[in-house]
Amino acid sequence: MGQTINPFGKKIIKVETEFCGKTLTLEINRVGFRTSASVLVSYGDTVVLGTAMVGSKPLNGFDYFPLSIDYEEKFYAAGKISGSRFIKREGRPSDDAILIGRLIDRPIRPLWPKGFRHEVQGVASVMSMDPNFRPDMIAMIAMSTAFMLTGAPFDGPVAGVRVGIDSDGNFKAFMTADELNKGKLDLVVAGTADAIMMVEAGAQEVSEEEIAKALEFAQEAIKPAIALQKELVKKVGVEPLAYELTLPNDDISQRVETWLSGKIGEQLRKPYPERNNIIADLRSDMEEHFKEEYADDYESLKGEFNDAFQMALHKDVRKGIIEDNSRPDGRELTEIRPLSSEIGLLPRAHGSSLFTRGMTQAFNIITLAPLSYVQLVDTMERSDERRYMHHYNAPGYTVGEVRRLGSPGRREIGHGYLAERALIPVLPNEAEFPYTIRSVTEIMSQNGSTSMAATCSSTLALMDAGVPIKAPVSGIAMGLMMEGDKPYILSDIADAEDFAGDMDFKVTGTAKGITALQMDMKVHGLPVAILKKALLQGKEGRIFILDHMLSTIAKPAKELSQYAPQVQSIQINPAKIREVIGKGGETINKIIAETGAEIDIKDDGMVYIASPDKKSIDAAIAYIRGITVEPEVGAIYKDCRVVSVLDFGAFVEILPGKEGLVHVSEMSEERVNKPSDVVSEGDRVTVKLVAIDDRGRLQLSMKAAARELDTKK
């Protein structure tokens, strides 16, 4: 039995409820005595510690909410030690941990008040993990609970659930990883008691209608976890935290709006980049105007003037859409920006494409390699291989900024993952296409929805490379603005609409259905009915973009690039793998050295041979077949090497590593006194396998082979 009072005399408080088939438990006052709030969340064998720290005063000079949320993988939680030979302690977060941190952040961030500049940190640490259960949604509940317990102005709670479709076609929460991998949907939904805040999904061409039904199922499923958090907060008697909001100066906001009157509106309804140039000139003119008016005080107020200017632009964007159905660049609500695309731009790349939508441009390059080049993934949850990788890069010049180059940040990793997830359902399996595939998107210019441009350019480059994808995939970013209860849904949003809007929604798919989905709400959640409407409008946009892509390349190229490695596969008996590898790898290293081919052997006996030279592949295949083929009684083996000559006969190698005896009586139709009179070591002879005795020894005959060959003549 655990203690009920902590060392400081505080009572340990625990609440629990049934949640998606198991008991969910929230417990406080056992650990984390110096945090603003901490909570241990248990669900089956999974235990997550959520800790929250909230600064007592707002930070000066910040024009954004300084919130950070991290997800900490602990190998001990899964009973593992890192498989790396050199690094055994946890270090830099894995891509999976970064993505889960973003997943938790996205439904939580919009629920803090505008102008809140107190520094806030949340850390979700996985302490114990059931290997058949992903702990990310429990970590989300832990973070939401911790923030609720701080008394800070967090308008939660939120909770999340992972939904799949079982073998009977029913929605099911928290399926095992194996069930999700075999199913056609892996959907994460997070929300409050009344509305959905965030959606992320990978799918096997699932329809928009089915996704909408899954959202309804998830919205209902999260309610017990939300109610439990409220129960704990009430039981603890959380006191509201004193805080200050850093809000725009009303006087400055009014002055900026008055100055801009007559300068924005219709005058700004211009295509990009003309609109951007007008805004840049307006900002410069505004600064000159107010510098003169405020003199030496302007520098200290410059940030507030910039905030007021940006806020006025956002209001103008919303006003144009809601009142005039006119978007910032003059498009209709469902209109897609101008599209263009090219393939085969890089002569030495295995596949390449350039996809342009408005001012957003993505250059994608495909590289193919043998399966031995797969990425080994070793995390708390996974120890496996990654055969397809999508990497996304967006340097500062893509947004017209001077920015230091460095390793990819959370945004780059997230965008690359979304584009990667979009294509995985249509990739050929290893047996069909035995290659490791690396897709790299180099963003050339940004003005909204680069992850969807990365998806489209990746599809084009894969087809240019000759990768036999099952169907082409396109992607689109949708936006939304709410005016009361009326939604204004925008297809193919640009930056200005994204910043001023209430939802950022990205969806990818084939002509048949959705392959990946990501929705983030900037308001306090949206009902499923509105999200369904956005999904259906998004489908129209996706198909429009897909038709354009197919006009550039209709299907995958028939042949690979001449610079791509050739890969062939053969199946051998798994029991023979040891013979092919040899003692200490001696045999396989010999094959590689003699043929120049790269060889990768799987546990099921599938062997992949790769080389730029087909002769090298053929030689390696012949060598491996020679090792693995079983000797066949009655078969004739030609050009076999005499290994040794003894008094009673000669040993002959009929297959690599397989020798048999030709008795002196089986060497010739005529009497032979000594075997050395007929053969010498190193000679090449033709023999017939006449028998295999009960000890597996091979009995060969030169005489029977000659007789049979003469008869055939």
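Any read-out appearing in this document is the output of simple, stated calculations on the displayed coordinates, not a laboratory observation. Here the structure is a predicted model, which is why all the values come from computation and not from measurement. Reconstructed Cβ throughout: ideal geometry from the backbone, glycine too, with neighbour counts over all protein chains shown.
Holding the Cα-Cα limit at 25 Å, pick out from Lys114/Lys486; Lys22/Lys532; Lys184/Lys512; Lys88/Lys172; Lys533/Lys555 the pairs that are longer than that.
In this structure, Lys22/Lys532; Lys88/Lys172; Lys533/Lys555 exceed 25 Å between Cα atoms.
Once fully extended, how much extra length lies between Glu586 and Leu346, figured as 0.36 nm per residue of separation less the alpha-carbon to alpha-carbon distance?
So the extension gain works out to 82.4 nm.
Mind checking which lysines have their Cα closer than 18 Å to the Cα of Lys235? Skip sequence neighbours fewer than 8 apart in that chain.
Within reach: Lys10, Lys11, Lys14.
Measuring from centroid to centroid over Cα atoms, what is the spacing of the range 445-480 and the range 642-712 in Å?
First find each Cα centre; the distance between them is then 64 Å.
Taking the Cα centre of each part, how many Å lie between the range 233-265 and the range 326-387?
Spelled out, the Cα-based centre of one part sits 39 Å from the other.
With a point put 7 Å past each Cα toward its Cβ, work out how far Gln121 is from Asp281 in nm, to one decimal.
Taking the simple label geometry, Gln121 and Asp281 are separated by 4.7 nm.
Report the relative contact order of the range 122-235, percent, no decimals, based on alpha-carbon pairs under 8 angstrom and at least 6 residues apart.
23 percent
Taking a point 7 angstrom from the Cα of Leu333 along the C-beta vector, which residues in the range 520-534 have backbone N less than 15 Å away?
530-534
Quick check for you: which residues of the range 26-49 have the amide N under 16 Å from the point 7 Å beyond the Cα of Asn6 toward its beta carbon?
Once the point is set 7 Å along Cα→Cβ of Asn6, 26-42, 48-49 turn out to lie under 16 Å by backbone N, inside the range 26-49.
Quote the relative contact order of the chain in percent (integer), defining contacts as alpha-carbon pairs under 8 Å separated by 6+ residues.
Computed value for the chain: 10 percent relative contact order.
May I ask for log10 I(q)/I(0) of the range 99-245 at q = 0.11, 0.15, 0.20 Å⁻¹, from a Debye sum over the Cα atoms as equal point scatterers with solvent left out?
-0.45, -0.79, -1.24
What distance in nm separates the two pseudo spin-label positions at Lys230 and Glu266, each 7 Å out from Cα along the beta-carbon direction?
Roughly 5.0 nm, to one decimal.
Taking the range 619-706, which trypsin sites (Lys or Arg not before Pro) meet the DSSP loop condition and have no more than 14 other C-beta atoms within 10 Å?
Within the range 619-706, the qualifying trypsin sites (Lys or Arg not before Pro) (loop, at most 14 other Cβ atoms within 10 Å) are Arg671, Arg695, Arg697.
How much length is gained on full extension from Lys319 to Ala529, taking 0.36 nm per residue of separation minus their Cα-Cα distance?
Once the chain is fully extended between Lys319 and Ala529, it gains 73.2 nm.
Cα to Cα, under 24 Å, and not fewer than 8 places away if on the same chain: which lysines meet these conditions relative to Lys688?
List returned: Lys576, Lys638, Lys658, Lys674, Lys703, Lys712, Lys713.
According to a simple spin-label model (label point 7 Å from Cα along Cα-to-Cβ), what is the distance in nm between Leu247 and Tyr294?
Going by the 7 Å Cα→Cβ label model, 1.9 nm.
Take the alpha carbon gyration tensor of the range 328-402, find the square roots of its eigenvalues, order them as a ≥ b ≥ c, and report rounded if a/c is under 1.5; if not, report prolate when a/b exceeds b/c, else oblate.
Since a/c reaches 1.5 and a/b is larger than b/c, the shape of the range 328-402 is classed as prolate.
Check the straight Cα-Cα distances from Lys270 and name the lysines below 19 Å, setting aside those fewer than 8 residues away within the same chain.
Cross-link targets: Lys315, Lys319.
Using alpha carbons only, how many degrees (0 to 90, rounded to 10) separate the axis of helix 250-260 from the longest principal axis of the chain?
80 degrees
For the chain, find the longest principal axis of its Cα atoms and tell me its angle to the long axis of helix 410-423, 0 to 90°, nearest 10.
That works out to roughly 50 degrees.
How large is ³J(HN,Hα), in whole Hz, for each residue of the range 185-196 in order, when computed from phi with the Karplus curve 6.51 cos²θ - 1.76 cosθ + 1.60 and θ = phi - 60°, using x for Gly and Pro?
Karplus-based 3J(HN,Hα) across the range 185-196 equals 8, 10, 10, 10, 10, 10, x, 9, 5, 10, 8, 8 Hz.
Calculate one ³J(HN,Hα) per residue across the range 513-524 by plugging θ = phi - 60° into the Karplus curve 6.51 cos²θ - 1.76 cosθ + 1.60, and present them in order as whole Hz with x for glycine and proline.
x, 7, 10, 7, 8, 8, 10, 10, 9, 9, 9, 7
Using the Karplus equation 6.51 cos²θ - 1.76 cosθ + 1.60 (θ = phi - 60°), what ³J(HN,Hα) coupling, rounded to whole Hz, does each residue of the range 376-383 give in order, writing x for Gly and Pro?
Whole-Hz 3J(HN,Hα) from phi for the range 376-383: 7, 10, 10, 10, 4, 8, 10, 9.
Using Cβ contacts closer than 10 Å as the measure, can you line up Met286, Met148 from fewest to most?
Fewest-to-most ranking of Met286, Met148: Met286, Met148.
At what distance in angstrom do the alpha carbon centres of the range 584-611 and the range 175-197 lie from each other?
If we compute the Cα centre of each part, the gap is 41 Å.
Please report, to one decimal in angstroms, the Kirkwood hydrodynamic radius of the range 250-324 built from all distinct Cα-Cα pairs.
One decimal place: 12.9 Å for the Kirkwood radius.
I need to check one value: relative contact order of the range 566-628, counting alpha carbon pairs closer than 8 Å and at least 6 residues apart, in percent.
Rounded, it is 42 percent for the range 566-628.
Mind listing the Cα extents of the chain along all three principal axes, in Å, largest one first?
That works out to 120, 68, 51 Å along the principal axes.
For helix 223-236, report the angle its Cα long axis makes with the longest principal axis of the Cα atoms of the chain; keep it between 0 and 90° and round to the nearest 10°.
Once rounded, one gets 50 degrees.
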